[in-house]
Structure formats: structure tokens, C-alpha cells
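The values are calculated or read from the model by the stated rules, or taken from the named source; none is laboratory data. This structure is a prediction, so every number in the text was calculated from the model and none was measured. Every residue, glycine as well, gets a Cβ built from its backbone with ideal geometry; the counts of neighbours run over all protein chains shown. Accessible surface is based on the protein model in full, side chains and every heavy atom, while ligands, DNA and RNA are left aside. Shrake-Rupley method; radii C 1.70, N 1.55, O 1.52, S 1.80 Å.
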Amino acid sequence: LKDNYNQFYKNCKKLDIIINIDGYDCFDCMKYCEYYCMLDCMVLKNGYSTYRNWILEALDLDIDCCWTTASLADKYLHSKGCYEGVSQLSGTPQFFIQKCVVGGRTMMRDNEKQSFDGTDDNKRMADYDGVSLYPSAMARMDGFLKGSPKVLTTEQMNKSFLDTIDGYFIKIQIKKVNKHRHFPLMSSINKEGVRVFTNDMIGEYQYVDKVTLEDYIEFQDIEYDIIKGYYYDEGRNTTIKKVIQYLFNERLKKKKEKNPIQIVYKLIMNASYGKTILKPITTDELVISGEDKFHKYLIKNYNHIIELNEMFECKKYRVKIHKSINKHFNYASCGVEILSMSKRIMNEVMCLAEDKELTAYYQDTDSIHMDYDDVAILKKEFTNKYGRELDGKKLGQFHIDFDLHDKDGNECNNVYAEKSLFLGKKCYIDCLVGYKYNHKKDEYILDTNGKKIEVRGFHIRMKGVPSSTVKYTAEQMGIGLYELYEKLYDGDKIRFDLLENGGRVNFKFHNDGSISSMDSFHRDLCFVEDMEVRKNL
């Protein structure tokens, strides 16, 4: 606090806004605010100009014509011809194919809490991470389906016919699952609205595309009936493969040159599939000024209004209305296949590891927590089976990706977790160990005895709770981070103060346009697998 005060005093003196009143040094708060507001505007302006120039240089597009990064990426792909011959979908075909959308698999082994402690037997945990998973999927897929979807006839509802066409999206019923997995490929939505990946799917319906069905058969040996669906037989536009590879290579080149423009290529690659599965925007909002205009609008449009609010301290009204979706189009067929190919990239690695009895503890969309020493075995087995190199930093490859820095901010090398606890989806802790490293000289930094210098740290995640709040809660309880996760692992209920007793600020946005700071904001977390126990918490 003393350092902050001294810096503040120095800033005020530099701005010449200190006034002596009755022998006390005071500062002109309005001039201070005016100066820093102007500074904020200058930073925003410079940031905007720099970003706009980067986009113009890298993509030959103007951000002033696009609202979002996803829109920018979509416009770029269109400019490169990725969607030539590819039909946008609306109405019933879009609604059906959109049902095939399944996001990345995030789960613990067997959907149970997992604990890893390698301190006694010198075992290590690795975070084996896929390189740019969604761009990798786009580079690997055969391209985007061309033409319009056709309805499957009864005679065509068999695998023999499906194998002869370019792509399909079908509804199936699972009759039998001959191979159970610790990380199942199939999933369903439970009563709480959470997607759960499970082997217990007999009698359940699934909406799948070509890649997903092939994976279900390959990795879980399912038996099924085809209920209905659509198919495509007009070929594919393969341009996306070249475009994504170009963006990836350009990013690598710019990173090597230490050119910050590299972030543009990363943004575009990661946002490239977002608009393909954009959901219909079913509502719209407008602001009406004046009571007379509002009443006239109300009389003419009352049947379209969902809600309305008088704005705070002004004669304006915010109106939320129903929006027609009969003109909503998207490239659902492309988005579904990108997601499915991204899961195939993970399925090949996860299922091979399980088949070779290599232990994985947790998967988070594009990464696997597994025994460090098993990675070498997995790489060898993967090459034997698929004829490709698994380890590396190219599209479709994987690498160990724990991140740890020393006190000086230097990146450590050979980082692993000596202990880990997995409580639920995106809720875990890794106790990290790494070694100080001189990256310029490409060598370890040694102590006076010639030994590598160890650095320790944590990698924590707690969905819905900021990392700073997790650390604050542990400090308030007088325990370490790992001990806090241990308590949660044991089923204890812990309250997290997301405002950290005034250390953080959260705002509430009201319907009348006013904004207020929250006086209290808590989350109570308890990780219990027994459903009856959970109901009583």
C-alpha cells in the first residue's frame, strides 16, 4: 500500500494537480480522472488502429465491416472460395442436422473423481495437448459437402449405401454396445441439462454424421438401427484444407520472427467454424424515445413483445420482441463435421491408450491428463497403428503442455505434475514441478552443486470460480491450495466469496439500463457422486 501511495503521489505531482489546503496536500480528482480517461481513449484508439492494420496486412479485410472475430473469419473463408458450391441450410434440414452438434468431450475417467499421487513411487503426470484441435480437424477433413441434402429413403437406410456417398446426417437407435470404454464416445443430456458421455446407451437415440458413426463402430463396436436422415452425394469443396494449412504456416513464420501479428492468424483459425453452427437469433431489442411513440408502437406490435422496461431516469423504453427465424441460414453440415473430426483426433489417441492399458485420468476437449512415462509408449504404438508421428507441433499432433514460470517470469522446462486431483468437469488441480532453463543458451540453470534448480507451482481450474477466489478462499481457511481441493475431493461443501470481501467487484445489469455493484456473491461447491446425497445438500 505504501508503494502504491508513493507512486500515486508522484503521478499527481507530475500532472501538477496537487493543491495545498489548510496545510494539507490535496489533489484535484476531476483533473486526475480527466487525464486518465483521455489516456484510456488513446490506448483504445492505438489498439484499434494497430489491430485494424494487422488485419488489413494479413487478410486484406477491414474490421470496420465486421462485428465479431467469427464474422471476420467467415468473411475470409468466403473470400478464399471455401464455400463455393456449399449450400446454406434453413428450416427442417438445418434443424435436423444441427441436432448432430456435440461439443468436445470433457470428463473424468469413468465419470468418477480421480486422484493421482506420484510422490511415493516417482511417477509423473503429463498434460498431453492437441495442437490447434479445430484447425487440425479442418485440415484433416475431406472438405465441405457440396450441394443440397437429400432425404434418405427406406431402401437407402443401410451402411452399404451410406458408404458409397460423400456424407450423411442420420438419427439412429443404439441396439447394443459391444465395447465399453473408460472415456465413452456416446453421450446424452441428463435431467440437469448436462451432457454426459456414457456407455449406457442401449435403446437411446443419437443424431450422428458419417465420421461419428464410423467412430462409434470402430471404437465401441455398436449395433444400431437407422431411423431417418439426410445425405449428400455431390462431392466436396476441399479448399478449406489448403487455407487452414496456409494460416497455420504463416502463424509459425510470424512467431519465429517474433512478430505480434501472429495472433491474427491464431484468431482466424480458432474462429473459422463458429458461424457455421450459429443458432437462430429469436429475439431483438429496440429503444423507443418518448411516451407517445412508445404507446403507438405498443398498440401496433403488442403481440410481438416479450418484455418491456422503462429506462432508468429517462423517458425511454427498452422493448424485447420476438424475431422471425424464417430467414436464418447457416452451414450446419460444415460445423457438425468439423466437430466430429476434432473428436476423431482425440478418439484415436484416447482409445489406443486404453487398448494398450495406458492410464488416462481426465480429458478436457483437446488435452489428456495421463502418466508421463506412458506418453513414449503411446507415441510408438500410434505410429505402428496409424503410420503417422503423434508427437510434435504440427496440425494433428500432440505435445506435453504444462506451463510453469520461475519468480523472474522465465519459462521452466521438463514440467510435470507430481500430484493431481480431478473433481469434475473443468475442476482440478495439478501440483507442478519444473526446472529453471536458459532458453537463449538452450541449457538448464544449475545451482552451486551442479544440480538442476527445481521450481514448483500449481495449475488450477474451478469452473464458475475465478482462480484468485480459489486462492483467497484457501488463505482465509488457513490451508494450502492442494488441501482445499482435498477437502472438496472428500465431499466437503465449501463456500467461495466471489467478491473476496471487497477485493473483487461484480456488477449487476438491470432491465431498466441501470448498473449496480453487488453487495454479496457466493458459490457453494460440493462434489458428491451419490445422487441421493446431492439432493439433500
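One table, with the values for the structure above:
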{"quantity": "Rel. contact order, % - alpha carbon contacts under 8 angstrom, at least six apart, the chain", "calculated": "18 percent"}
{"quantity": "Stretchable slack from Asn301 to Lys255, in nm (0.36 nm times residue separation minus alpha-carbon distance)", "calculated": "11.1 nm"}
{"quantity": "Calculated FRET efficiency for the pair Asn158/Asp442, C-beta based, R₀ 51 Å, to 0.05", "calculated": "0.30"}
{"quantity": "Those GluC sites (Glu not before Pro) in the range 301-379 that DSSP places in a loop and that have at most 14 other beta carbons within 10 Å", "calculated": "Glu313, Glu357"}
{"quantity": "Chain lengthening between Asp110 and Asp16 when straightened (0.36 nm per residue, less Cα-Cα)", "calculated": "27.3 nm"}
{"quantity": "Shape call, the range 434-537: gyration tensor on alpha carbons, a/c limit 1.5", "calculated": "oblate"}
{"quantity": "Accessible solvent surface per residue of the chain, calculated while the other protein chains remain in place, 1.4 angstrom probe, Å²", "calculated": "56 Å²"}
{"quantity": "Mean Kyte hydropathy of 0.0 or more with a Cα span along the axis of at least 27 Å, helices from DSSP in the chain", "calculated": "29-59, 332-355"}
{"quantity": "Unit charges on C-beta of K, R, D, E only; dipole of the range 275-374, Debye", "calculated": "1320 debye"}
{"quantity": "Test item: Cα-centred dipole of the chain, Lys/Arg +1 and Asp/Glu -1 on Cβ, debye", "calculated": "1460 debye"}
{"quantity": "Dipole magnitude of the range 395-435, debye to nearest 20 (Cβ charges: Lys/Arg +1, Asp/Glu -1, about Cα centre)", "calculated": "300 debye"}
{"quantity": "Percent accessible area from carbon and sulfur atoms, the range 264-351, protein chains only, probe 1.4 Å", "calculated": "54 percent"}
{"quantity": "Cut-off under 5 Å, modelled amide H: who pairs with Leu278 long-range", "calculated": "Tyr331"}
{"quantity": "For the chain, the spread of Cα positions along each principal axis, largest first, Å", "calculated": "95, 83, 58"}
{"quantity": "5 angstrom amide H check on Thr359, placed H, neighbours 5+ away", "calculated": "Asp371"}
{"quantity": "Using θ = phi - 60° and Karplus 6.51 cos²θ - 1.76 cosθ + 1.60, couplings along the range 145-155 (whole Hz; Gly, Pro as x)", "calculated": "5, 9, x, 10, x, 10, 6, 5, 8, 4, 5"}
{"quantity": "Cα lying deepest toward the dipole's positive end in the chain, options Leu72, Asn410, Tyr216, charges on Cβ", "calculated": "Leu72"}
{"quantity": "Point-to-point label distance, Asn449-Glu475, nm (Cα→Cβ direction, 7 Å offset)", "calculated": "3.3 nm"}
{"quantity": "Whether the range 1-144 is rounded, prolate or oblate, judged on the alpha carbon gyration tensor where a/c under 1.5 counts as rounded", "calculated": "oblate"}
{"quantity": "Tensor-based shape of the range 126-284 (alpha-carbon gyration tensor, a/c under 1.5 rounded, otherwise prolate or oblate)", "calculated": "prolate"}
{"quantity": "Fraction of accessible area attributable to carbon and sulfur, the range 141-220 (%, probe 1.4 Å)", "calculated": "47 percent"}
{"quantity": "With every protein chain in place, the range 422-537: carbon and sulfur % of accessible area (1.4 Å)", "calculated": "45 percent"}
{"quantity": "Positive-end residue, the chain charge dipole about Cα centroid, Cβ charges, pick of Thr238, Ser468, Phe312", "calculated": "Thr238"}
{"quantity": "Net lengthening on full extension, Lys242/Ser49 (0.36 nm per residue, minus Cα-Cα)", "calculated": "66.5 nm"}
